[in-house]
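The values are calculated or read from the model by the stated rules, or taken from the named source; none is laboratory data. In this text the structure is predicted, and so the values were computed from the model without any measurement. Ideal geometry is used to build each Cβ from the backbone, glycine not excepted, and the neighbour counts take in all protein chains shown. In case anyone asks, the SASA skips ligands and DNA or RNA and just uses the protein heavy atoms, side chains included. Shrake-Rupley method; radii C 1.70, N 1.55, O 1.52, S 1.80 Å.
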Amino acid sequence: MIRAVLLLILVAADATALGLAVAEHSGYVLIAWKGLRYESSLWVFLLIIAAAWLLFIGLRWLLRLLLVSGGLLNPWSRRQRGRRQQLAAEKGLLDLIEGRWERAERHLTLAAEGESQPLMYYLGAARAAYKQGRVEQGEVLLEKALQRQPQAELAVALAHAELQREHGDLAGAQETLQAMHERHPRHHLVLDQLQRTLTERGDWAALLELLPELRKARVLEGEALAELERRVWIARLQHSGEQGLNQGEPALQPLSNAWQQLSSAQRQDVELLLAYAGQLRALGAQEEAEEVLRKALKQGYDQRLIRLYGQLRGRDPARQLQTAEGLLKEHPQDPQLLLALGRLCLQNGLWGKAREYFEISLDFSRSAETCAELARLLASQGEVEASNRLLLQLLEVQGQQLPALPQPGR
C-alpha cells in the first residue's frame, strides 16, 4: 500500500515537472523538403513519434495473432483438430482390435501425428502394417515412434521383435533382442522374448549360454524351466553325437564330454538317459549304452528305458536277459517289458521262449511293433500262414484293412 502511494506521488511529480517544462520551454521543430513544410512545437513532435511507435507495436501484435493457427482468435479450429485426432485414435484402436488393418494403420498414424506422446499409436499402426505384409512401412512407423519418443527405445525394440517373430523373421528378432540384451542384460521381458525366439529357431547352443541368466532372473521356474533345460541338453547330446559321427570314425569323446557336463540329477532324467543311450547306439557303442541303461533300470523302472534296452546287444547277452527277467517279477503284465524280453531271447537264440514272450505281450496289448516281431519270427520258422495272419492283424491295429479280393487257391 505504501509502495503504491509512493509510486503515485512519483508519477504526479514527474507529470508536474513535465508540464512546467512544456509551459516554460515549448521548443520549435521545422521540417522543409521540396515545398513540403511542417512546423510544430518540440513536445507535439515527440508525442506524434511516440504514438506512431505504439501504433506499429499494436499492428505487429495483431498480425501475429492472425497468423498463429489455433491461437486465441480461432479457438474453434484448435478444438476441432483435437476432436478429429481423438476420433481417429478411437477408430484406429477399434479397427486394430477387430482386424481391419488398413483402416487401423491410417487412423492410428493420423492420431500419432498430432499427439505429444504418440508411442502407443505408432506401435499400433506398425502392427497393422505388418499384418498387411507391409514390413517396410511398419519399420518406418517404428522409426518415427523412436524419433518422437527416444526414451522409449526398449518398448519400441520389444514391439519390433514381437512383430518380426510373428512375421517369421526369427533371425531379425534374435538380432533385435540380443542388442537389447546387451543394453538391458537383466530385463525380464527381453530375456523371455529372447529365449522364446531361440527356442523357435532351435539355437540350443545360444540357449545353453542363456540358461543361467534365465534361472537367475526367474524368467522360467519349476517344470517350465526344467523342460527347457531338458530340451536344450537333449539337443546338445544329439549334436555331440553328430560331431562324433562326422570325425571319420565314430568318436565317443564329444558325447562323453557333454554327458559329464550334466548334473547328477540330470543324468538320472529318463529323457536325457534315452537321448544319451540312443546316441551311443548310433555311434556303435551298444555295450556302453546297455551298461548305462542297466544301471538306470536298477535305480528306477521305466517303460521307455526297457524298450530301448531290449534293442541293444551288450557284452553279455545272457546276463542282459537275466537282468530283464529280474524285472518281470514286479511288472509281469507290462507289454513293453515282455516285448524287450522276446527280443533279448532272440539275441540269445532262444526262439521258442522269444515266441512265448511275444504272444504274452500281445495278450496284454495289440501292439503293431510286437505283431511285426512275432510275424517275422514265425515266417523265419516256416509258419507262413500264422505270420500272414499276424500281418493282417498288424494292419487292423494301425487302423487299416485290406479289401476283400479274390485270391488264387492252392
Legend entry - Residue list for the range 312-346, filter: in contact (Cβ under 8 Å) with a residue 12 or more places away in the chain and open to solvent by 60 Å² or more (accessible area, probe 1.4 Å): Arg313, Arg315, Glu330, Gln333
Inset, instruction - Evaluate the following for Glu383: is it under 24 Å from Tyr301 (Cα atoms), surrounded by 11 or more Cβ atoms within 10 Å (Cβ to Cβ) and of a type in the set (Asp, Glu)? - result: no
Legend entry - Test set (1) charged (D, E, K, R); (2) farther than 15 Å from Gly342 by Cβ; (3) over 48 Å from the mean Cα position of the chain (by Cα) - Glu396 fails condition number: (3)
Inset, instruction - Would you mind telling me which numbered condition in (1) within 21 Å of Ala296 (Cβ to Cβ); (2) in a helix (DSSP H, G or I) Gly352 fails? - result: (1)
Inset, instruction - May I ask you to list the residues in the range 236-266 that are open to solvent by less than 60 Å² (accessible area, probe 1.4 Å) and touching a residue at least 40 places away in the same chain (Cβ under 8 Å)? - result: Leu237, Gly241
Inset, instruction - Within the range 269-285, work out how many residues are over 17 Å from Arg307 (Cα atoms) and open to solvent by 20 Å² or more (accessible area, probe 1.4 Å). - result: 1
Inset, instruction - Output yes when any residue across the range 90-102 is open to solvent by 70 Å² or more (accessible area, probe 1.4 Å) and either modelled with pLDDT under 80 or at positive phi (or both), and no when none is. - result: no
Inset, instruction - Please verify whether the range 209-217 includes one or more residues that are over 21 Å from Gln268 (Cβ atoms), over 13 Å from the mean Cα position of the chain (by Cα) and outside any helix (DSSP H, G or I). - result: no
Inset, instruction - Return yes when Leu163 is surrounded by 13 or more Cβ atoms within 10 Å (Cβ to Cβ), in contact with a Lys or Arg (Cβ under 7 Å, 6 or more places away or on another chain) and not aromatic (Phe, Trp, Tyr) and no when it is not. - result: yes
Inset, instruction - Scan the range 143-157 for residues that are under 17 Å from Leu110 (Cβ atoms) and open to solvent by 10 Å² or more (accessible area, probe 1.4 Å) and jot them down. - result: Lys144, Arg148
Legend entry - Residues satisfying the stated conditions in the range 253-267, i.e. in a loop (DSSP other than H, G, I, E, B) and touching a helix residue (DSSP H, G or I) at 6+ places or on another chain (Cβ under 9 Å): Gln261, Leu262
Legend entry - Considering residues of the range 286-301 that are small (Gly, Ala, Ser) and open to solvent by 10 Å² or more (accessible area, probe 1.4 Å) only, the residue modelled with the highest pLDDT: Ala296
Inset, instruction - Kindly indicate which of Arg376, Arg389, Arg355 is over 48 Å from the mean Cα position of the chain (by Cα) and buried (at least 19 other Cβ atoms within 10 Å of the Cβ). - result: Arg355
Inset, instruction - Answer with yes or no whether Ala125 is open to solvent by less than 20 Å² (accessible area, probe 1.4 Å), of a type in the set (A, V, I, L, M), over 30 Å from Gln243 (Cβ atoms) and free of Cβ contacts under 8 Å to residues at least 60 places away in the same chain. - result: yes
Legend entry - Yes/no for Asp169 being open to solvent by less than 60 Å² (accessible area, probe 1.4 Å), within 17 Å of the chain's Cα centre (by Cα), farther than 18 Å from Leu96 by Cβ and among the acidic types (Asp, Glu): no
Legend entry - Subset of the range 220-229 (residues that are surrounded by fewer than 17 Cβ atoms within 10 Å (Cβ to Cβ) and part of a helix (DSSP H, G or I)): Gly222, Glu223, Ala224, Leu225, Ala226, Glu227
